[in-house]
Amino acid sequence: MVVGRDKCGEQRLVSLPLSRIRVIMKSSPEVSSINQEALVLTAKATELFVQYLATYSYRHGSGKEKKALTYHDLSNTAEESETFQFLADILPKKILASKYLKMLKEQKQEEEEEEENSNDDESDEAES
Amino acid sequence: MAERPEDLNLPNAVITRIIKEALPDGVNISKEARSAISRAASVFVLYATSCANNFAMKGKRKTLNASDVLSAMEEMEFQRFVAPLKEALEAYRREQRGKKEASEQKKKDKDRKTDSEEQDKSREEDNDEEEERLEEDEQNEEEEVDN
């Protein structure tokens, strides 16, 4: 369990700044007000989430032998785990630029082929 | 309302510390991985808020409360967080109760202090009166001697 310490050295319940958590929560337009308990719980939940995402990605990741946690491990988690699926958009899989260009080219070719096909259809229609 | 986009970021130092404490010692966390987890945490807050807000709306309440957040965790398939969160909530409530009692105690102490100060004052007044009487007595004695 992660516990922060304040200036007096006393244990604090949450180490993430509540003011910042509140700003993020309030940035959601449908939210009107949040009571203090809900704010504290959301901050605590976020801490648990960070721990869970890190340990899950590390355990299922490729860097265990190298003792490393990489972006790849995280994007893999987002792609493969049902629970972390909501992160897929902000943790996209990285690909090489050359690979991407090749993909684009293939896509273009496919589209062109489709266009040719539809052109064929049109000409067929015109003929009939 | 957030003025700048960076207002929606969580402090990197705190996020890094939480990650380090969760992983075994000596694991290297790439800079990219850190910022990715930090972004993920912000998205988590928004997702949780949105889910909790749905529960508040269902309950026809305008203010998000603790039970809305707990229900949101279940909905988001983070049931594993519910037990530790309930513990944290208990601890928070204990802390608040403690603070309230402490401030009430402080107030009581203060009241008692002002009370005793007033008593001291009135005692001083008593002393003055006594002294005056003594003086009077002395004067009387003098008068008697004269006579």
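The values are calculated or read from the model by the stated rules, or taken from the named source; none is laboratory data. Predicted, not measured: the structure shown is a model, and the values here were computed from it. Quick note on the areas: whole protein, heavy atoms, side chains included, nothing else; ligands and nucleic acids left out. Shrake-Rupley method; radii C 1.70, N 1.55, O 1.52, S 1.80 Å.
Points to keep in mind about this one:
- On full extension, the segment bounded by residue A:62 and residue A:30 gains 7.5 nm, given 0.36 nm per residue less the C-alpha separation.
- Proximal lysines relative to residue A:102, as straight alpha-carbon distance under 26 Å, when same-chain residues fewer than 8 apart are discounted: A:93, A:94
- Exposure of residue B:45 as accessible area (Å², to 10), given a probe of 1.4 Å and all protein chains: 0
- Accessible surface, the stretch A:47-96, averaged per residue in Å² (probe 1.4 Å): 51
- Rg to Rh quotient for the stretch B:1-77, alpha carbon positions, Kirkwood Rh: 1.08
- Interface of B with A. Using a 1.4 Å probe and counting protein heavy atoms only, the two chains hide about 5100 Å² of accessible surface, both sides summed.
- Overall form of the stretch A:4-94 per C-alpha gyration tensor (a/c, 1.5; a/b vs b/c): oblate
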